[in-house]
Amino acid sequence: MIEYKQTKEFTVDQLQRLFLSVNWESGKYPEKLVRAMLNSSRVISAWDGDKLIGLVRALDDGETVAFLHYLLVDPVYQGYHIGDNLMKQIMSFYENLLYVKIIPSDPKTIPFYEKYGFRQYDNYSAMVRKNFS
């Protein structure tokens, strides 16, 4: 049975395993991920026993805007509505904000986010500067 938790505390190994399971480069920097989770506004995670299998995190100002950053589910567990449950839980905290933003890293995920009311706008696109090799 999958359990959902609101916690910002994870081990290096838990985060590294999850992030590398989806081939995210940030998984190579698990110590930074541990600190990033602690500094996040909200983090909701999915667990199978003591195994971290999914996570969503947000950064927000509490009034006007929230940025969802990181929604990931271990590929072994994809297709079981874990991402859906994580999104529903995180979005419940942001019903009264003016904006909630997300920048999909994969165009294939756009229909998923559209289910939660997200729309693409022609005049808005994110730019990224990477500080790692």
> Inside segment 87-103, can you point out the residues that are open to solvent by 50 Å² or more (accessible area, probe 1.4 Å) and either in contact with a helix residue (DSSP H, G or I) (Cβ under 8 Å, 6 or more places away or on another chain) or not acidic (Asp, Glu) (or both)?
Replying inline: 88, 89, 92, 93, 96, 98, 99, 101, 103
> Which residues, counting only those in segment 39-49, are in a strand (DSSP E or B) and within 15 Å of residue 82 (Cα to Cα)?
Replying inline: 43, 44, 45, 46, 47, 48
>> Return the residues of segment 1-38 that are of a type in the set (Asp, Glu), assigned to a helix (DSSP H, G or I) and open to solvent by 80 Å² or more (accessible area, probe 1.4 Å); say none if nothing qualifies.
In response: 13, 31
> Is segment 75-85 home to any residue that is assigned to a helix (DSSP H, G or I), at pLDDT 95 or above, exposed (fewer than 13 other Cβ atoms within 10 Å of the Cβ) and in contact with a helix residue (DSSP H, G or I) (Cβ under 8 Å, 6 or more places away or on another chain)?
Replying inline: yes
> Applying the selection to segment 46-58, what residues are more than 19 Å from residue 104 (Cα to Cα) and open to solvent by less than 10 Å² (accessible area, probe 1.4 Å)?
Replying inline: 46, 52, 53
> So is residue 70 of a type outside the set (D, E, K, R) and open to solvent by 50 Å² or more (accessible area, probe 1.4 Å) or not?
Replying inline: no
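The values are calculated or read from the model by the stated rules, or taken from the named source; none is laboratory data. Just so it is clear, the structure is predicted and the values come from calculations on it, not from any experiment. Cβ sites come from the backbone with ideal geometry, for glycine too, and all protein chains shown count toward neighbours. Heads up: the accessible areas ignore ligands, DNA and RNA and are worked out on the full protein's heavy atoms, side chains in. Shrake-Rupley method; radii C 1.70, N 1.55, O 1.52, S 1.80 Å.
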